[in-house]
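Chemist: This is the structure I have questions about; it appears just below.
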Amino acid sequence: MRLDKYLKVSRIIKRRTLAKDFAESERVLLNGRVAKPSSEVKIGDIITLRMGEKTVVYEVLDIKENIKAADAGNLYRIIE
């Protein structure tokens with residue numbers, strides 16, 4: 001699944017266009033490398049988001065195309 005779509009489906013970022021903007025401004029790392037919005041996300045990948053002074057690291061646990069908002073937290077785990 002594309003990175004921008006995963007961030008939206010998992011509700012880490014609320015809108016896909018915002019997720020795309022994050023990636024294009026080099027604020028998203030995928031397994032330690034700067035990621036493009038079209039980067040492929042797989043189970044076990046590590047996603048790092050830089051939001052101002054704050055950095056949050058997520059591990060991808062599952063990938064689903066459609067999921068209810070209440071279950072979106074099951075797609076990832078916060079590492080830091």
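Computed from the coordinates by the stated procedures, all read-outs in this text should not be read as laboratory data. Computed from a predicted model, the values in this text were never measured in an experiment. All Cβ positions, glycine included, derive from the backbone under ideal geometry; neighbour counts span all protein chains shown.
Chemist: Please go through the stretch 33-80 and give me each residue that is outside any loop (DSSP other than H, G, I, E, B), closer than 14 Å to L3 by Cβ and of a type outside the set (A, V, I, L, M, F, W, C), ordered by number.
Modeler: R33, E40, T48, Y58, Y76
Chemist: Oh, and also: Counting only residues that are of a type in the set (S, T, Y) and part of a loop (DSSP other than H, G, I, E, B), which one in the stretch 1-30 is nearest to V41 (Cα to Cα)?
Modeler: Top of the filtered list is S10.
Chemist: Do we have D4 as surrounded by fewer than 19 Cβ atoms within 10 Å (Cβ to Cβ) and either among the acidic types (D, E) or more than 10 Å from the chain's Cα centre (by Cα) (or both) here?
Modeler: Here the answer is no, as D4 does not meet what is asked.
Chemist: A follow-up question, please. Identify, by number, the condition in (1) among the small types (G, A, S); (2) over 16 Å from R2 (Cα atoms); (3) surrounded by 18 or more Cβ atoms within 10 Å (Cβ to Cβ) that A23 doesn't meet.
Modeler: All conditions are met except number (2).
Chemist: Here's a check for you: in the stretch 37-60, which residue that is under 15 Å from V9 (Cα atoms) and aliphatic (A, V, I, L, M) is surrounded by the fewest Cβ atoms within 10 Å (Cβ to Cβ)?
Modeler: Top of the filtered list is I43.
Chemist: On to the next question. So which residues in the stretch 1-21 are charged (D, E, K, R) and in contact (Cβ under 8 Å) with a residue 40 or more places away in the chain?
Modeler: Selection gives R11 alone.
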